[in-house]
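Trainee: Below is a structure I'd like to ask you about.
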Amino acid sequence: MRLCRFNRDRIGVVEGEAVYDITALFDVQPAWPLPHGDWIVRQMPEVLPKIPGYVSEQKPFLLSGIRLESPVANPGKIIGAPINYRAHIDEANADKAINHGKTFTSLDQYGLFIKANSALIGPSEEVQLSFPDRRNDHEVELAVVIGKEARFVKYDQALDYVFGYCIGLDMTIRGPEFPGFRKSLDTFAVLGPWIVTKDEIADPNKLGLSIKVNGEFRQNSNTSYLIFDVQRLIEYASRFYTLYPGDVIMTGTPEGVSQVNPGDVMEAEIEGIGRMQIAIARDWGTPRL
Ligand code: MN
């Protein structure tokens, strides 16, 4: 199943070119205090079985006529894996504009980082470069959406805690600052176009992923090159943090990271998930409403 958020917080099911509004199946008035994680993803286990019967009586929207938002509205945290493809580690160590004097070794040594969830946008919005005079890079990544609370998870059980997958863009300013700072600017975490539930992805560690900028391939690889695969990332992350429904793990980027500039258009694709296009805004510094 493909689940999206669209047209200002409607929850949808995507079937081919049709999008069915299933918002009415969710309790959208949570009690205070909100539980950790995303309120909608938390309700998915009860809602999923009701969807087929419900949509059979609904009139669909057309996919081409809606605005897609981040499929997770309020992830409790967005976890990033900084150096998780060998060829990206090599390119980073070879390029001073990427490494800023650091030598990258392994994820074990560098650990994970957190992207602020205020950075989150979906494909209908634009990435804004608040510092267009600095080097701003795209990083296309498989994003894992957690489905249930997870702590000290073992490798073999790790996929039991996954709700689904989407495309993630871990937008990044290169520089000497800590990653959580450079990767957390508003609009620097893109998720979309929808969540594909895990039953549709036979093996998340065997998916082609790519990104084009202005029609030209920049990154084109496969999750089979992940150093920490999806299960190991969940095992590793859940030793440091409790994972909650709707938390997102961006699994790391392959080689080919490069600069984007105002007016560029990125097109990211992951096998089995889909494709999304997202623009780099021509201006910046305008408040996002
Ligand atoms: Mn990244």
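Laboratory data are not the source of any read-out in this text; all were calculated from the coordinates shown. Everything numeric in this text was worked out from a predicted model, so none of it was measured. Cβ atoms come from the backbone with ideal geometry, glycine included; neighbour counts cover every protein chain shown.
Trainee: Can you pull the Rg over Rh of segment 76-184, Cα-only, Kirkwood?
Mentor: Rg divided by Rh gives 0.98.
Trainee: Which of Ala92, Ala31, Ala279 moves the most in a Gaussian network model of the chain with Cα springs under 10 Å?
Mentor: Answer for the Gaussian network model of the chain: Ala31.
Trainee: Let me ask something else about it. Which residue fluctuates the most in the chain, going by a Gaussian network model with Cα springs under 10 Å, if the choices are Pro49, Pro33, Pro179?
Mentor: Per the Cα network of the chain with a 10 Å cutoff, Pro33 tops the list.
Trainee: Given Cβ point charges of +1 (Lys, Arg) and -1 (Asp, Glu) and nothing else, what value in debye, to the nearest 20, does the dipole of the chain about its Cα centre take?
Mentor: With Lys and Arg at +1 and Asp and Glu at -1, about 500 debye.
Trainee: Next up: If the elastic network links every pair of Cα atoms under 10 Å, which of Thr197, Thr105, Thr187 fluctuates the most in the Gaussian network model of the chain?
Mentor: Sorting by GNM fluctuation, first place goes to Thr105.
Trainee: I need Phe178, Phe61 ordered by Cβ neighbour count within 10 Å, fewest first.
Mentor: The order, fewest Cβ neighbours first, is Phe178, Phe61.
Trainee: What number, in percent, do you get for the relative contact order of segment 1-42 if the mean sequence gap of Cα pairs under 8 Å and at least 6 apart is divided by its residue count?
Mentor: The value is 23 percent.
Trainee: Any lysines with Cα under 24 Å of the Lys77 Cα? List them, leaving off those in the same chain fewer than 8 positions away.
Mentor: Leaving aside lysines fewer than 8 places away in the same chain, those within reach of Lys77 are Lys115, Lys148, Lys154, Lys183, Lys198.
Trainee: With the Cα gyration tensor of segment 32-103 giving a ≥ b ≥ c as the square roots of its eigenvalues, does the rule (a/c under 1.5 for rounded; else a/b larger than b/c for prolate; else oblate) give rounded, prolate or oblate?
Mentor: Prolate is the answer for segment 32-103, as a/c is 1.5 or above and a/b outweighs b/c.
Trainee: When the Kirkwood radius is taken over all Cα pairs of the chain, what Stokes-Einstein diffusion coefficient follows at 25 °C and 0.890 mPa s, in µm²/s?
Mentor: Rounded to a whole number, D works out at 129 µm²/s.
Trainee: Here is a further query. Compute the projected area of the convex hull of the Cα atoms of segment 195-289, averaged over all viewing directions, and report it in nm² to one decimal place.
Mentor: Here the figure is 8.1 nm², rounded to one decimal.
Trainee: With a/c under 1.5 counting as rounded, go ahead and sort segment 1-130 into rounded, prolate or oblate using the C-alpha gyration tensor (a ≥ b ≥ c being the square roots of the eigenvalues; past the cut-off, prolate if a/b is larger than b/c, else oblate).
Mentor: Taking the square roots of the gyration eigenvalues as a ≥ b ≥ c, segment 1-130 is prolate.
Trainee: Relative to the present Cα-Cα distance, how much length would full extension add between Leu62 and Gln109 at 0.36 nm per residue of separation? Mind dumping the intermediate values first?
Mentor: On the way: separation 47, 0.36 × 47 = 16.92 nm, distance 4.69 nm.
Result for the pair: 12.2 nm of gain on full extension.
Trainee: What ratio of Cα Rg to 2.2 N^0.38 Å holds for segment 137-271? Mind showing how you got there, number by number?
Mentor: On the way: Rg = 14.8 Å, N = 135, 2.2 N^0.38 = 14.2 Å.
This ratio for segment 137-271 stands at 1.05.
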